[in-house]
Structures are given as C-alpha cells and as structure tokens.
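Q: The structure follows.
The values are calculated or read from the model by the stated rules, or taken from the named source; none is laboratory data. Since the structure is predicted, the reported quantities are computational estimates derived from the model, not experimental observations. Cβ sites come from the backbone with ideal geometry, for glycine too, and all protein chains shown count toward neighbours. Side chains included, ligands, DNA and RNA excluded: accessible areas come from the protein's heavy atoms. Shrake-Rupley method; radii C 1.70, N 1.55, O 1.52, S 1.80 Å.
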Amino acid sequence: MNCLQEYDFKKLASQQKSVQMKMRMLALDHFKDGSSRTQIAKYLKVSRTSVNKWVSTFLDEGIEGLKEKPRSGRPPFLTFGKHYHPDSIYYLLDNMGFSWVTSRSRHPKQSQQIQDDFKKLKIETIHRIPGHLSLNNVDIWFQDEARFGQQNTTTRLWAKRGTRPRAIKQQQFDYAYLFGSVCPERGIGQGLVVPWVSKDIMKEHLKQVSSVTEQGRHAVIIMDGASWHTDDIAESFDNVSIIKLPPYSPELNPIEQVWSWMRQRCLGNQRFLDYDDIVEKVCCAWNKFLSCTDRVTKMCSRNWICLTS
C-alpha cells in the first residue's frame, strides 16, 4: 500500500497536462489533508463514485494506475493539441442550433418576468380568437417593419488577411419600409414595401395575411407596440387577431433575425440608385428569404408558440 504522505499532490497536479490527471491529483491532495470523499466530490464538482475510484486505484496501483489507459473504438472528433478546421466548427455549431449574430443592447426597463409571462401564449390566444375555434385551427404569425435605404449597412465580408476592402457608403437619404409577416409553422410570409408607415398601410398588410389564411383557420399576429399598431386595426377581419409584445422586448420577435439575414446576405454593401431601385432590391431579398420554407420555419420558430402541447 502506498503512503499518501510521500507525495506532493499539488506539485504533481501542476505538472500534469491532462485535465483529468490534474483533477485526480487534487482529489488525492484533499484526501491526504483529511477531507472526506463526499467533501472532495462536492468541492471538485464530481461524483463521489469517481473520488472513491481514484483513491482506491492509487492505494492499489500508485500514480501509474491513475494514468489514462488506451481506449478502443472511434477516436473523438475534438482532441487537445489537434487542429480543427473553422469550417467544421461552424458546421457543428449550426447543427447545435447556434448562429453568428451580434449582441443586442438591453433596455433598463425590460422585465424578464413580463417576458416569461408573455410566453404563456395559450391563454392570451384563447381570449383573442372566436369562441368556437379550437387551438388546432390557429396560425401564429410574427410581424414587424424595417427601413431599408441609401444610408445602407456595411457588413463583414471575406478578404485576404492583411487587407480591408472598401464598401459603398452612400450619403443620400432615399429609403423604403418593408412591412413583413411570417408564419413559422407553414413556412410562408407576406410583405409590403411602401414609402412611409401608417395605420392604413398596416390594415393593407393585415389584409394580405387574411387572404392567405385558409378557410376555417384563424391567424394570430404577434407585433410590437408601434403607434400604427392600434388595437382596432384587425376589427374588419373575422379571421385575424393581434397580440402585442411586452414593451422593450424585440428579442421575442424572430422576424428581427430576418432583417439581419436580408442585410447580411442580400442588401449590405450595395448602392441604391433611387427609391424604385430600393423597392426592387428589397422585394428580391424578401422573396429570396421566403423561397425556402425550411429557412422560414427554422429561423422563426420558437417553442413557446406551440399552442397544443
């Protein structure tokens, strides 16, 4: 049996390259100082079974017994000290549901509790829709507006290391507004490009959503509290209702990501000749986004909009 007092486990831990070996040396150091195996497990945030195994192995086989043994089977994709191509990392992150986005500032008046309460959407939906309809016949839509124009976005782009390509940055002020709505479950959307925003234009946009809502179904449109999003804009439609987002909560509206996608993939670093050119290019970008139903569903779906679970 090996004597614990013969070893300086802290020094041995600092000499180890393997994270696993460092952890085992630290566990033995605590054990030598008189800590119980339960206390060691709690301190190192590991299971008590692991601590028992490490101590028993050391007492029976010494330091050599704690070293990693060769393992059979397929080697891991990610190994320490090995190069892994960035393209492959992006692929893995994408499959795990991550995307490359910029952070959003947080308003000091934003309330996480109000946002969590809003996500209990089923109750609010029941209050909004006609009483004879079941939740199985409800389509959830997200709506928002974005301004696109000659004061355009310059986006990141690929370039040779050590260079910084120039991008167009216009000084003119022509612009257009895109009223857009998407239904993640159906993978569809409706859009309207106009020179300004108003309540009447908002009603025209709701008319678009109403026209593509199948007979016997009801569209519930989630939107922010803009001044032209008044509570009465859906009164003339018997198959459309609206629900307002909580204040200071744009992250609850996934169509915000659509605007970023359009700017990054289609509209950034471009020159717009005039208003008509803006309208044409914005329409092309919007239609390109909607051309893939899987993209609409994947980008705009949220777990909390499922009404029947």
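Q: Among the residues that make up the stretch 87-96, is at least one of them outside any helix (DSSP H, G or I), polar (S, T, N, Q) and at pLDDT below 80? Spell out how you get there, then give the answer.
A: Here is the first cut: in the stretch 87-96, the residues outside any helix (DSSP H, G or I) are 96.
Restricting the remaining residues to those that are polar (S, T, N, Q) gives none.
No: zero hits.
Q: Here's another thing I want to ask about it. Scan the stretch 14-29 and report the pairs whose first residue is under 16 Å from L4 (Cα atoms) and whose second residue is open to solvent by 40 Å² or more (accessible area, probe 1.4 Å) and of a type in the set (K, R), with Cβ atoms within less than 7 Å and a gap of 6+ or a chain change.
A: The qualifying pairs are D29/K10.
Q: Another question about this same structure. Out of (1) open to solvent by 60 Å² or more (accessible area, probe 1.4 Å); (2) touching a helix residue (DSSP H, G or I) at 6+ places or on another chain (Cβ under 8 Å); (3) not β-branched (V, I, T), what's the single condition that is false for H30?
A: (1)
Q: Moving on to the next point. Given the conditions (1) assigned to a strand (DSSP E or B); (2) under 23 Å from the mean Cα position of the chain (by Cα), which single one is not true for L157?
A: For L157, the failing item is (1).
Q: What are the residues in the stretch 82-140 that are surrounded by 10 or more Cβ atoms within 10 Å (Cβ to Cβ), of a type in the set (G, A, S) and more than 27 Å from G189 (Cβ to Cβ), if any?
A: Within the stretch 82-140, S88, S111 meet the criteria.
Q: Consider the stretch 22-52. How many of its residues are under 36 Å from the mean Cα position of the chain (by Cα), of a type in the set (A, V, I, L, M) and under 15 Å from I63 (Cα atoms)?
A: Number satisfying all stated conditions: 1.
Q: Among the residues of the stretch 104-120 satisfying the criterion of being within 19 Å of M223 (Cβ to Cβ) and not in a loop (DSSP other than H, G, I, E, B), which is nearest to the chain's Cα centre (by Cα)?
A: Q115
Q: Condition first: assigned to a loop (DSSP other than H, G, I, E, B), in contact (Cβ under 8 Å) with a residue 24 or more places away in the chain and surrounded by 13 or more Cβ atoms within 10 Å (Cβ to Cβ). Now tell me which residues in the stretch 280-309 satisfy that.
A: Listed by number, the residues that qualify are S301, R302, L307.
Q: Given the conditions (1) part of a loop (DSSP other than H, G, I, E, B); (2) open to solvent by 60 Å² or more (accessible area, probe 1.4 Å); (3) among the polar types (S, T, N, Q), report the number of the one that Q257 does not fulfil.
A: Unmet condition: (1).
Q: For the stretch 260-279, name all the residues that are surrounded by 15 or more Cβ atoms within 10 Å (Cβ to Cβ) and free of Cβ contacts under 8 Å to residues at least 24 places away in the same chain.
A: C266, D277
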